[in-house]
Amino acid sequence: MLMSHYLVVAGILFSIGMFGVLLRRNTLVMLMCLELMLNAVNLLFVAFSRYNLNLDGNLFVFFAITVAAAEVAVGLAIVVALFKRKDTVQVDAFTEMKN
Amino acid sequence: MQDFLFYFLSALTLISGLMVPVSKNPVNGAMYMILCLIGTAGLFALLGSYFMAALQVLVYAGAIMVLFIFIIMLINAPAETKRKRDIPSLIAAAIAFLMLTVGFVMMAMSPELNQPMPALEDAETLAAEGAIPFDGSAKSYGFGLYGKYMLPIQVMGFLLLAAMVGVIHLSKDLHARSQAMLKVKENASE
Amino acid sequence: MDIETLQNIASTNEWLRLWPEMTLAVSALVLLLLDVLIPARLNQWVVRTGVIINVGLLGCLLADLWVHLAGDSSLYPVGTYFGGLIQIGGDAAWYRPFFVLANLMMFWIAGIYFRKQQLVRTEFYAVANIVTAAMMLLTLSNHFVTFFVALETITIGFYVLVAYSRRSNFSLEAGIKYLIIGGTSTAILMLGLALLYGIGGNLQLEGASGDPLLFSNAATFLEANADNIITKFAVLAILASLAFKIGLVPFQIWIPDVYQGAPTPTTSLLAVSSKAAGVAALLLLFKENGAFSPMGEFVVPILSIVTIASLIYGNITAVGYTNLKRMLGMSGVSHAGFLMIAALIYIRGDGVFWISGAILFYLFIYLLGSFVTFGIMSVISGDEDEDQDMYDYTGLYQTRPFQAGVLAIGVGSLAGIPPLSGFIAKLGLFMAAFQSEMYLLLGTAVVSVVISIYYYFKWIREAFHQDTALGDEELDNANSKKIFAAPKWVDATLLAALGLSIIWLGFFPSNLISSWSLF
């Protein structure tokens, strides 16, 4: 298939992820949409890597997956700690800080 | 056959990706996410990166999403039943989605990207000089990662250390037992 | 890739050139190990070891800087290492001691903070050391992979540090908000890198190369292909992610909540080091032969709009806040605007050759002023770390004149009042802007200084306000907020030292100013 097809698929996936982060109020779903965005960029890297016949893109995906894993781990730890204290995972409830 | 596989896997990825932010129950969302990741792994395999496809399934779908599902089950939050229509953020999200999609489509129309994927056998000859030629084997991944990118790998080690230390600190509450005992005392004195 | 190429690359892996970063990273491991091995009654030695390592490192780095300034390049080697992943140049000699100094000051504030909070300490210092090491590595990068990895280590380290106070709702909320917004900025950065990689390796285009993420290759490619829409999108995406770290206007939504909720030492590190790392990375990208140097004309108009918006928005929002950390956060946005004026002059390369020295001087003065202010805030604050309000400081002068005086010096330096050194820093930027004929930015900057004086002085006025409700005999019956805490001798010494250096640099800045041209 053409490279541009892969670009469009990765682009739509990225847009769906951004849509989810802005729309949903459930922290867990927001984190999953964040992962969707990172996954879309991984697809873009591998596609470009194949198109340019260059292995660097695939190697970058290693680092990207590692960063995503670390971020998810820390994010879920914070969500669980918040849930233990506030009994909810909706971002709307996290409004203790005002002026 | 390759065309059909591409269309099938792309449709799988995009549709399950769309269901992740849309589904009401987070568990359903997680399941759709796993499906989306498997679709992406299929696309990786179609692109000739078999090692990456295996890595995606093992690490991303197999470890990260399993962690998500553990946490969702642990939290046992009820699905959002009555959600009042949050129009402003819906409009903002829709605008962002449209702008990004239009941007990507505009980028995809540029001529240098509208060529078919080159054949893998020509990898050695067609690659630029100074590049690591594309190769599906794990050996070239090893050479590339530990030869050229040795420093970022070591820094990644420290990133994972920082994340691990943070997660352990956030999850472990040393005084939980004494807090529980305090609560029992309070209840007893009432 | 065959064994020969591998061996050639591996021969350039000179790990000892990265000795400061490795020292800090290994010190994080040492701290964690000591925490386990040392018996409980000797616990304070863990933190003291951390402080000793940092002080020693700072001393060695300052000696390195001295050697570099003396012009003896045999002892301070310049070059690219690790197969092009790292470049060590003259500016590394300046940035490394800056970050270690910020780390040391943060250790001090964390010491005050942990005396008042029931939290485990060692993990904080360990993660902070790793974050500082990553900041030093960011300024050394010569390849976008190093750039990305260092930036992500900083970001994820900060997720942990912001959410550190695990029993406080504020801290955890700030952590989750920072994580989601920071994660989005990571995704945008990766999108930019993917597009740059893809289009830069495309052999049909002129200037493409085999390793498009190497800064020099990226520069060659961008010079030949500056009008390509994909290139523009990629550059904008990468700059957007840097703007998030610096705290410029479309990406500053996280600042008030995160600054307020995070523990005070984390806030101070975010305000000083994270901003400095972002600015240093920006300057690195637009250097003489840096990666984005051909995109200067494309980027300058967009960055000018962002700068003006940051200056205006930061100051106007800060007027409305009485919570001190939020106010310092938004005033930090306006400071970021000032730094961006200087960065724009640097990007345009208009012949103001001393501008990078002026930027570092501004950052250094900002470090001094910020840490004095955060130090006073930490000493005075009670158990509730998040509710530090301006009106808690009423009557500070009556009971603690030393602290009130030092607070006035610190805040005055941030506001840019002569004869304090903040004025000299801002004057340097204004002179550079005038010389570069950037009159609109200069006008906006002057207006924003006036607005900033208003809200900074509200705070100083509260501290020096005669609390007329209290007579002398009522002072003993006053509520606990009015009895301000006394600093320990370490805190008082450091506060006095910082305050005196702010005043001294305001009166005698010539030594440091003459070093601007040596940058």
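The values are calculated or read from the model by the stated rules, or taken from the named source; none is laboratory data. Remember, it's a predicted structure, so these values are computed and weren't measured experimentally. Neighbour counts are summed over all protein chains in view; Cβ atoms, including those assigned to glycine, are modelled from backbone coordinates with ideal geometry. Side chains are part of the model used for accessible areas, which takes the heavy atoms of the whole protein and leaves out ligands, DNA and RNA. Shrake-Rupley method; radii C 1.70, N 1.55, O 1.52, S 1.80 Å.
Ligands, DNA and RNA are left out, and with a 1.4 angstrom probe the accessible area of segment C:354-442 is 30 Å² per residue. Rounded to the nearest 0.05, the FRET efficiency derived from the C-beta distance between C:Phe402 and C:His465 at R0 = 30 Å is 0.95.
Relative to the longest principal axis of the Cα atoms of chain C, the long axis of helix C:144-162 lies at roughly 20 degrees.
If R0 is taken as 22 Å, the Cβ-Cβ distance between C:Ser515 and C:Val78 corresponds to a FRET efficiency of 0.75. Between C:Trp45 and C:Gln117, the distance separating the two model label sites (each 7 Å from Cα on the Cα→Cβ line) works out to 2.7 nm.
Calculated FRET efficiency, C:Ala497 to B:Val105, Cβ-Cβ distance, R0 = 60 Å: about 0.50 to the nearest 0.05. Full extension of the chain between C:Ile229 and C:Val447 gives 74.8 nm of extra length, using 0.36 nm per residue less the Cα-Cα distance. Mean sequence separation of contacting Cα pairs (under 8 Å, at least six apart), scaled by the length of segment A:3-89, corresponds to a relative contact order of 28 percent.
Once label points are set 7 Å from the Cα along Cα→Cβ at both B:Leu58 and C:Ile38, what is their separation, rounded to one decimal in nm? With each label point 7 Å from Cα toward Cβ, the separation is 4.0 nm.
Keeping the other protein chains in place, figure out the carbon and sulfur percent of the accessible area of the protein assembly as shown, with a 1.4 Å probe. Exposed carbon and sulfur together represent 66 percent of the surface.
Helical runs assigned H by DSSP (4 residues or longer) give chain C a calculated mean residue ellipticity at 222 nm of -23000 deg cm²/dmol, each run adding -39500 (n - 2.57) before division by the residue total.
When the accessible area of each residue in segment C:230-265 is compared between its chain alone and the complete protein assembly (1.4 Å probe; ligands, DNA and RNA ignored), which residues differ by at least 30 Å², being lower in the assembly? The answer is C:Ile230, C:Phe233.
Each listed q (0.10, 0.16, 0.25 Å⁻¹) maps to a log10 I(q)/I(0) for segment C:135-229, found by the Debye formula over equal Cα scatterers with no solvent: -0.38, -0.73, -1.18. Inter-part distance, segment C:237-263 to segment C:117-191, computed on C-alpha centroids, equals 13 Å.
Working from label points 7 Å from Cα in the Cα-to-Cβ sense, the B:Leu67 to C:Val300 distance is 4.5 nm. Our summary gives chain C a relative contact order of 13 percent, counting only alpha carbon pairs under 8 angstrom and 6 or more residues apart.
Summary of the geometry: segment C:1-34 and segment A:38-99, compared by the centres of their Cα atoms, lie 27 Å apart.
Note on B:Ala11 and B:Lys24: the extension gain reaches 2.5 nm, defined as 0.36 nm multiplied by sequence separation minus the Cα-Cα distance.
The separation of segment C:386-445 from segment C:284-307, counted between C-alpha centres, amounts to 29 Å. Residue-wise HN-Hα couplings along segment B:104-112, as the Karplus relation 6.51 cos²θ - 1.76 cosθ + 1.60 with θ = phi - 60° gives them from phi, are 5, 5, 4, 5, 6, 8, 6, x, 6 Hz; Gly and Pro carry x. Among the residues of B:95-104, the average count of other protein chain beta-carbon atoms within 10 Å of the residue beta-carbon is 6.
Counting only alpha carbon atoms, the long axis of helix C:229-246 and the longest principal axis of chain C meet at about 20°.
Between the Cα long axis of helix C:489-507 and the first principal axis of chain C there is an angle of about 60°, rounded to the nearest 10. The alpha carbon convex hull volume per residue for the protein assembly as shown rounds to 171 Å³. Once you order the gyration tensor axes a ≥ b ≥ c over the Cα atoms, which shape class does segment A:3-89 get: rounded for a/c under 1.5, otherwise prolate or oblate by comparing a/b with b/c? It comes out oblate by the Cα gyration axes.
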